[in-house]
Amino acid sequence: MVIDYKKDGVNWVEEVMKATDGQGCEAVFDGVGKDTFDGSLEVTKRKGTFVSFGNASGAAPPFSIA
């Protein structure tokens, strides 16, 4: 499944959660950075893997891991 997160009217987080029956993804690979970071964390399943490997839209904001 491919979701264009920049398409007008598309809430890609909602689309991912709908596609996974609300469970989220086992693994999320985010090469965009700032624009998608929060959403990527949101769609990562509990105990899932999140990999941030790029900052195409800018650096992701700092956050507390606790």
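Provide the per residue accessible area, probe 1.4 Å, for the chain, rounded to a whole number of square angstrom.
On a per-residue basis, 74 Å².
Test of understanding: in a Gaussian network model of the chain with alpha carbons linked when under 10 Å, which of 29, 37, 50 would top the mean-square fluctuation ranking?
Highest fluctuation among the options: 29.
For the chain, which whole percent of the accessible surface, found with a 1.4 angstrom probe, sits on carbon and sulfur atoms?
52
The values are calculated or read from the model by the stated rules, or taken from the named source; none is laboratory data. Because the structure is predicted, anything quoted here is derived from the model rather than measured. Areas reflect the complete protein model, heavy atoms only, side chains present, ligands, DNA and RNA absent. Shrake-Rupley method; radii C 1.70, N 1.55, O 1.52, S 1.80 Å.
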